[in-house]
1. Which residue pairs have Cβ atoms closer than 8 Å, lie 6 or more positions apart in sequence or on different chains, and pair a first residue in segment 53-74 that is farther than 18 Å from R101 by Cβ with a second residue that is in a helix (DSSP H, G or I) and among the charged types (D, E, K, R)?
2. Identify, from the list G5, G24, G74, G46, the residue that is surrounded by fewer than 12 Cβ atoms within 10 Å (Cβ to Cβ) and modelled with pLDDT under 95.
3. Would you check which residues across segment 25-75 are part of a helix (DSSP H, G or I) and of a type in the set (V, I, T) and list them?
4. Within segment 77-85, is there a residue that is over 19 Å from F53 (Cβ atoms), in contact with a Pro (Cβ under 8 Å, 6 or more places away or on another chain) and at pLDDT 95 or above?
5. Against the conditions (1) of a type in the set (A, V, I, L, M); (2) without any contact (Cβ under 8 Å) to a residue 12 or more places away in the chain; (3) open to solvent by less than 50 Å² (accessible area, probe 1.4 Å); (4) over 29 Å from A142 (Cβ atoms), where does A41 fall short? Just the number, please.
Amino acid sequence: MARHGGDDEVPTLDQARRQVEHYGLEVDPQAVLVAVRLISAGARVGRAAEAHFARFGLSTGRYRLLADLEDHGGEKSPSRLADDLGVSRATVTGLLDGLEREGLITRRPSTEDGRGTVTGLTARGAQRLREMASDHFGRLEAMVSGLSVEERAVFLDLLARVVRGSTALAAD
């Protein structure tokens, strides 16, 4: 389904019905519409997040990594970071390389496993998170300000169910 312009109501349920009928499919057009709009919304939010984090000299991935380190006492192995962030080890290595060049993280040999490394949040990295916290969390709150507390609770439940269902897109 193609989108036309910036109208948030496109594609429409009628468009979904026409496409389902065109291909002679036995699927629920409303379910297709919800999925298509969710994918579109995810892309839009992702682009907005990248613009937001760029204000602070970060990307979404770099922020998530710093925040995860801070949330776990400031240290973690790269493989654990990759697992917890749901990205590849190669992705984490690239993120760590850039963050280390900027002095936001350090790497040192692991005391538990001499072959491994441990990533640590530096004082400079912690300071970056502190400096951006008020603006960052204020903007997050503003992003969902159109929803009541009750609607946000329902949304979180629905979102969790959709995320679980998202494996259908990647399944063999």
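The values are calculated or read from the model by the stated rules, or taken from the named source; none is laboratory data. The structure displayed is predicted, hence computed values, not measured ones. Note: ideal-geometry Cβ built from the backbone for every residue, glycine included; neighbour counts use all protein chains shown. Surface areas here come from the heavy atoms of the whole protein model, side chains and all, with no ligands, DNA or RNA. Shrake-Rupley method; radii C 1.70, N 1.55, O 1.52, S 1.80 Å.
1. So the pair list comes out as R55/D135; T60/E50; D68/D84.
2. That would be G5, the only listed residue that is surrounded by fewer than 12 Cβ atoms within 10 Å (Cβ to Cβ) and modelled with pLDDT under 95.
3. Scanning segment 25-75 gives V32, V34, V36, I39, V45, T60.
4. No, segment 77-85 contains no residue that is over 19 Å from F53 (Cβ atoms), in contact with a Pro (Cβ under 8 Å, 6 or more places away or on another chain) and at pLDDT 95 or above.
5. (4)
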